[in-house]
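Engineer: Shown below is the structure under consideration.
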Amino acid sequence: MENPGLVAHGEAAPFSTALRSLVNNRLYSDVRFVVGQERQEVFAHRCLLACRCNFFQRLLGQEPGPGVPSPVVLSTVPAEAFLAVLEFLYTNSVKLYRHSVLEVLTAAVEYGLEELRKLCLEFVAKVLDVELVCEALQVAVTFGLGPLQERCIAFIEAHSQEVLRTRGFLELSAPALLPLLRSDKLCVDEAELVLAARSWARVGAAVLERPVAEVAAPVVRELRLALLAPAELSALEEQNRREPLIPVEQIVEAWKCHALRRGNAARGAPCRRRRGTLPREHHRFLDLPFK
C-alpha cells in the first residue's frame, strides 16, 4: 500500500507579500467597491473575498452581468478600515493603528470576522488611554462586547476625572453612560459628576435638538444627590430651576435623606458613596463606608 502523501510547506512570507500586493490593485480585479463618506474606489477579487468571508460570499453571490459591473457601495465603513479588512482577508495579517482600530473592529463585527475581531480587541487593550476609552466603550456597548466594556469601565473608574473632561465622554450614548453612573468605583466626587452629566446632556440636547432634561432622563436617576452637602444641594436646586436637568422628586428624595439623618432610612444606591466621594459632615449619618 502506498504511504499517504506529506504536505510540504513553502515559506509563508513571500506568499503573504504577493497577496498583499493585490490589495486594492486593479490588476485582474473583478469587483469594485465605493467605500465610506469620501466614496473612495477600492478594487478587489471576488473569489478571494467570497472564500474568506461569508458576508462577502452573500454580498457577491450573483454573477456579474455583461459589460462593466456596477460598483458595490459600502458607505458606512471608512476607506482606511475597509482596506485593513481586505489586507486581513488577503494575507491573514493586518497592520493596526490606534486612530482607526475601532473602525476596523466595527467592520470585523459587522462582517463576522471573528479572528480579526480578536486581533482588534487585543490591540485596543494595549493602546487604551484617556482619549480612546469612551469611544471604545461606545463600540463595546453598541455591539455587546462584554469583556471590552468591562475593561473600559475599569479604566474609567481609575482615571475618572481625566476621562470626564474628554470629548469622547460628551459623545457617549445614554446606554453607554449608564453603567458608569452606576459604578461605586468612580474616582470622582458627586458634585463633579453632576457637572459632567449636565455638560453631557447639553451636548446631546444641541445635537438632537431636544430639551436638556429630556436627554438626561435615561441616566440622571443614577446621580447620588444625597451625597451632596445641604449648601451644594440648595445651589443645585436653584440651578435646576433655571435649567431643568434633574426631576424635582429626585431632589426631594435627597432632602429627605438629610432630614432623616439616619443611615438605615437612607440606605441604598442614592446614598452609597463612590470611591472618589469627598467626605462631608452629614455622611456619618449614612453609615455606608465604601467597600
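Engineer: Rounded to a whole number, what % of the accessible area of the chain do carbon and sulfur atoms account for, probe 1.4 Å? List each step's numbers first, then the result.
Structural biologist: Values: 8910 of 16160 Å².
Here carbon and sulfur together make up 55 percent of the probe-accessible area.
Engineer: Going by a ≥ b ≥ c, the root eigenvalues of the Cα gyration tensor, does region 144-236 fall in the rounded group (a/c under 1.5), the prolate group (a/b larger than b/c) or the oblate group? It would help to have the intermediate numbers written out before the result.
Structural biologist: Values: a/c = 1.83, a/b = 1.14, b/c = 1.60.
It is oblate, given that a/c is not under 1.5 and a/b is not larger than b/c.
Engineer: Answer with a single label: of [x] 22.0, 74; [y] 21.9, 79; [z] 26.2, 93, which was calculated as Rg and Dmax of the Cα atoms in Å from the structure in view?
Structural biologist: Among [x] 22.0, 74; [y] 21.9, 79; [z] 26.2, 93, the one calculated here is [z].
Engineer: Let me know the shape class of region 28-97, please: from the alpha-carbon gyration tensor, a ≥ b ≥ c as square roots of the eigenvalues, rounded when a/c is under 1.5, otherwise prolate if a/b is greater than b/c, or oblate. Could you put the intermediate results ahead of the total?
Structural biologist: Details: a/c = 1.96, a/b = 1.26, b/c = 1.56.
Cα axes put region 28-97 in the oblate bin.
Engineer: Report the gain in length on full extension from Ser16 to Arg167: 0.36 nm times residue separation, minus Cα-Cα distance, nm rounded to one decimal.
Structural biologist: Details: separation 151, 0.36 × 151 = 54.36 nm, distance 3.94 nm.
Stretched out fully, the Ser16 to Arg167 stretch lengthens by 50.4 nm.
Engineer: What are the ³J(HN,Hα) values, in whole Hz, obtained from phi via the Karplus relation 6.51 cos²θ - 1.76 cosθ + 1.60 with θ = phi - 60°, for each residue of region 150-156 in sequence order, with x given for Gly and Pro?
Structural biologist: 4, 5, 5, 5, 4, 5, 5
Engineer: Let me ask something else about it. Roughly how many whole Å is it from the C-alpha centroid of region 6-61 to that of region 169-209?
Structural biologist: Taking the Cα centre of region 169-209 as reference, the centre of region 6-61 is 42 Å away.
Engineer: Something else: Name the long-range amide H neighbours of Gln40: under 5 Å, sequence gap of 5 or more, or other chain; modelled H, no Pro or chain starts.
Structural biologist: Counting only residues 5 or more places away or on other chains, the set is Val35.
Engineer: Please give the helix 114-127 orientation as an angle from the longest Cα principal axis of the chain, in degrees from 0 to 90, rounded to the nearest 10.
Structural biologist: The answer is roughly 50 degrees.
Engineer: What aspartates and glutamates could a cross-link reach from Lys185, if we take a straight Cα to Cα line under 13 Å and drop same-chain neighbours fewer than 8 places away?
Structural biologist: Straight-distance partners of Lys185: Glu150, Glu157.
Engineer: Right, another one. May I ask you to derive the FRET efficiency for Glu114 and Trp255 from their Cβ-Cβ distance with R0 = 45 Å, giving the value to the nearest 0.05? Present the calculation step by step, with values, prior to reporting the outcome.
Structural biologist: Details: r = 52 Å, r/R0 = 1.16.
Rounded to the nearest 0.05, the efficiency is 0.30.
Engineer: Now for a different question. List the relative contact order of the chain as a percent without decimals, with contacts defined as Cα pairs under 8 Å and 6+ residues apart.
Structural biologist: Numbers: 366 pairs, mean separation 32.5, N = 291.
For the chain, the relative contact order is 11 percent.
Engineer: Separate question: Skip the ligands, DNA and RNA, and give the accessible area per residue of the chain with a 1.4 Å probe, whole Å².
Structural biologist: Values: 16160 Å² over 291 residues.
Accessible area per residue: 56 Å².
Engineer: Hey, another quick one. Taking the highest mean first, how do the peptides 247-254, 120-127 order by number of other beta carbon atoms within 10 angstrom per residue?
Structural biologist: Values: 247-254: 15.0, 120-127: 16.8.
Final packing ranking: 120-127, 247-254.
The values are calculated or read from the model by the stated rules, or taken from the named source; none is laboratory data. Everything numeric here is computed off the predicted structure, so don't read it as measured data. Reconstructed Cβ throughout: ideal geometry from the backbone, glycine too, with neighbour counts over all protein chains shown. SASA here: full protein model, heavy atoms, side chains in, ligands and nucleic acids out. Shrake-Rupley method; radii C 1.70, N 1.55, O 1.52, S 1.80 Å.
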